[in-house]
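Chemist: The structure's right below; bear with me while I get my questions together.
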Amino acid sequence: MPAIAWIGVALIAVATVAGAAIGRRLPHTSAVPLAASAGILLAVVPADLAPDIWSDLAKAGLPWWTPLPVGVAGSAAVGWLTRRGCACQPGLTGSIGTTLAIGLHRALEGSTLAVTASFPLVLGLVAHAGSEGFAMASLLDAERRRRTAGWLLLACTAPALGALTLQATHLPDQATPILTSLVAGVLIRTALIAYRLAAARGTRDRSSGATATTTLTAIVVATTLTALHVGF
């Protein structure tokens with residue numbers, strides 16, 4: 001696995017802890033971190049992953065429609081995990097199912113780095129990890145310290161475990177566009193979930209609303225796309 005992937009795994013852990021620490025000092029209703037992470041992820045998929053998928057499809061001799069069902073499957077998997085429990089989802093309970101869901105959700109994020117590691121992808125995952133850590137701050141207040149410390153540790157280490165697991169499988173080169181398509185579906189669904197939560201928080205916050213959240217997300221998308229286009 002390339003060095004940038006390991007750097008990404010480390011930064012994801014740091015961003016999670018930093019987000020949780022900041023979240024304990026700022027209002028948990030803030031929509032800014034989630035909206036920003038949603039905007040970055042929504043820009044990364046078409047600007048960074050889509051060209052790789054298209055190029056790899058031709059090399060592997062696979063039909064053009066292959067990414068569609070695979071991407072939908074990745075999106076559905078994240079949706080199911082979020083309903084079971086997600087570090088970015090409020091209202092978690094201290095169940096085994098929630099613990100497993102957090103671990104699988106973060107491992108799936110980390111495994112993307114073993115498939116296709118790039119600076120824009122690392123940026124998107126780190127931004128989302130920070131927003132998840134920020135959202136987890138409410139758990140640190142509502143649950144027992146030992147339990148939430150375990151959740152935070154799991155959220156930090158699961159991405160590395162996911163990356164290592166996928167790397168150890170030694171998949172053929174023909175699987176690269178399929179896995180990248182799965183990653184794209186995962187990231188799009190993750191971005192939409194983050195946006196939905198940001199919009200809900202913005203609506204509850206009297207100083208902002210869903211329109212402000214949408215505007216912020218759109219600005220981040222446009223800025224990220226522009227930066228990637230000029231080679232940032």
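Coordinate-derived values only; no laboratory data. Bear in mind that the values here come from a model prediction, so they are computed numbers and not experimental data. Positions of Cβ are generated from backbone atoms using ideal geometry, with glycine treated the same way; all protein chains shown enter the neighbour counts.
Chemist: Using the beta-carbon distance between residue 58 and residue 175 and R0 = 25 Å, what value does 1/(1 + (r/R0)^6) give for FRET efficiency, to the nearest 0.05?
Modeler: 0.95
Chemist: For a quick protection proxy, order the peptides 44-53, 108-117, 68-77 by their average other-Cβ count within 10 Å, most packed first.
Modeler: Those peptides, ordered most packed to least, come out 108-117, 44-53, 68-77.
Chemist: Spelling out what I want: for every residue of the stretch 103-118, take phi, set θ = phi - 60°, compute 6.51 cos²θ - 1.76 cosθ + 1.60 (Karplus), and round to whole Hz; glycine and proline get x.
Modeler: Residue by residue, the stretch 103-118 yields x, 5, 4, 6, 5, 5, 5, x, 5, 4, 6, 6, 8, 8, 9, 8 Hz.
Chemist: With a Förster radius of 30 Å, plug the Cβ-Cβ distance of residue 211 and residue 68 into 1/(1 + (r/R0)^6) and report the FRET value to the nearest 0.05.
Modeler: 0.40
Chemist: Residue-wise, which Karplus ³J(HN,Hα) couplings in Hz belong to the stretch 122-128, taking 6.51 cos²θ - 1.76 cosθ + 1.60, θ = phi - 60°, and x for glycine or proline?
Modeler: My calculation for the stretch 122-128 gives 4, 4, x, 5, 5, 4, 5 Hz in order.
Chemist: Efficiency by 1/(1 + (r/R0)^6): what FRET value for residue 219 and residue 10, r their Cβ-Cβ distance, R0 = 35 Å, to the nearest 0.05?
Modeler: So, using R0 = 35 Å, E works out to roughly 0.75.
Chemist: Starting at the first residue of the stretch 52-65, write each ³J(HN,Hα) from the Karplus equation 6.51 cos²θ - 1.76 cosθ + 1.60 with θ = phi - 60°, in whole Hz, x for Gly and Pro.
Modeler: Along the stretch 52-65, the couplings run 5, 4, 4, 5, 5, 4, 5, 5, 7, x, 9, x, 5, 7 Hz.
Chemist: Also, quick follow-up: Of the peptides 167-173, 217-223, 122-128, how do they stack up when ordered by the mean number of other Cβ atoms within 10 Å, highest first?
Modeler: 122-128, 217-223, 167-173
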